Amino acid sequence: MVGRHRLFVRRRDGRIEVRLNDLGRSVAREAFGHVVAAERDPEHEWHTLLNAPIDPGRDQDDPLSILNRQNEISTNAELAVVTLNEEFLNDAEAWAWLATLQVALRSTAQAHGLMSDEKLAACDEELLNYIHTLQQLLFELADCF
Amino acid sequence: MGAVKPLRRTTTDTDVLTEEAVETQRPWNVVVWDDPVTPMSVVVVIFKRIFGYSNNKATQLMMTVHHEGRAIVWSGQRERCESYCVKLQIAGLQSTIEQDQ
């Protein structure tokens, strides 16, 4: 996935060119798929992570806010899935990619209890490589905004 | 004696109402919490996109999150705080709201 060239390039017409190879797209596909599944399936290990409290001082958050969050996360993830093989993304599609990759990155870290630098450094190599790959995708995509 | 009770009750009710009014006037804050995996540039992009902040302001807030573990990124009415908090969560950041101390 990682070469000498940039993975995402903002073109003069405003579109973002996706230069991921098959491996890069498969990493993105896995991340997007997990987010879609987590929103649909209450048993998914990320489901509760995607439903974090808004106001921890209250017993229950506003149901409309919760519904809005679920809808938006799902919409972003589904838009990312259907544009997975596109060569160019418009701004809304690129934002959906960024938001969904970021949700996947933080959920991965949270699900594995990697919410400190020490724990992150001590995690197994395969997981660390996966996290680094998501970070690189995000880092390069953020550079287009 | 009969006339005293309602007067006391009225005074108490007024006091309670006044305290509640003061309570709700305290602004609410949107707080973003640090995590060890989110790239700094992603946080800046999200702040710029959601709040319309300049690059300098977004970077300054990101650095506060990074160094202090959290930052208040917006303050105001509770409803707007809640809406911004949800937008930040949708973008994958850890965010909550709290009333100003």
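Figures for the structure shown
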read-out	value
Pairs where the first residue, in the range B:87-98, is more than 7 Å from chain A (Cβ to nearest Cβ) and the second is assigned to a helix (DSSP H, G or I) and of a type in the set (A, V, I, L, M), C-beta under 8 Å, 6+ apart	B:K87/B:I50; B:L88/B:I46; B:L88/B:I50; B:L93/B:V43; B:L93/B:I46; B:S95/B:L88
Options A:I66, A:I54; residue that is surrounded by fewer than 18 Cβ atoms within 10 Å (Cβ to Cβ), at the interface with another protein chain (Cβ under 10 Å from one of its Cβ atoms), under 30 Å from B:Q99 (Cα atoms) and free of Cβ contacts under 8 Å to residues at least 40 places away in the same chain	A:I66
Test: residue in the range A:31-41 that is without any contact (Cβ under 8 Å) to a residue 24 or more places away in the chain, more than 10 Å from chain B (Cβ to nearest Cβ), not in a loop (DSSP other than H, G, I, E, B) and not polar (S, T, N, Q)	yes
Residue ID - nearest to B:G92 (Cα to Cα), chosen from residues in the range A:123-145 that are without any contact (Cβ under 8 Å) to a residue 40 or more places away in the chain and of a type in the set (A, V, I, L, M)	A:I131
Single residue of A:R15, A:R106 found to be buried (at least 16 other Cβ atoms within 10 Å of the Cβ), more than 15 Å from the chain's Cα centre (by Cα) and at pLDDT 95 or above	A:R15
Restricting the range B:20-34 to residues that are closer than 25 Å to A:Q110 by Cα and touching a Lys or Arg at 6+ places or on another chain (Cβ under 6 Å), the residue that is surrounded by the most Cβ atoms within 10 Å (Cβ to Cβ)	B:V31
Verdict on B:I50 being more than 10 Å from every other protein chain (Cβ to nearest Cβ), out of contact with any helix residue (DSSP H, G or I) (no Cβ under 8 Å at 6 or more places or on another chain) and hydrophobic (A, V, I, L, M, F, W, C)	no
Count of residues meeting criterion [within 8 Å of another protein chain (Cβ to nearest Cβ) and touching an Asp or Glu at 6+ places or on another chain (Cβ under 9 Å)] in the range A:70-99	2
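Okay, residues lined up against (1) hydrophobic (A, V, I, L, M, F, W, C); (2) buried (at least 23 other Cβ atoms within 10 Å of the Cβ):
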| residue | (1), (2) |
| --- | --- |
| B:M40 | yes, no |
| B:F47 | yes, yes |
| B:I50 | yes, no |
| B:Y53 | no, no |
| B:A58 | yes, no |
| B:E68 | no, no |
| B:I72 | yes, no |
| B:G76 | no, no |
| B:K87 | no, no |
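The values are calculated or read from the model by the stated rules, or taken from the named source; none is laboratory data. It should be emphasised that the depicted structure is a prediction, and the values quoted were computed from it without experimental measurement. All Cβ positions, glycine included, derive from the backbone under ideal geometry; neighbour counts span all protein chains shown.
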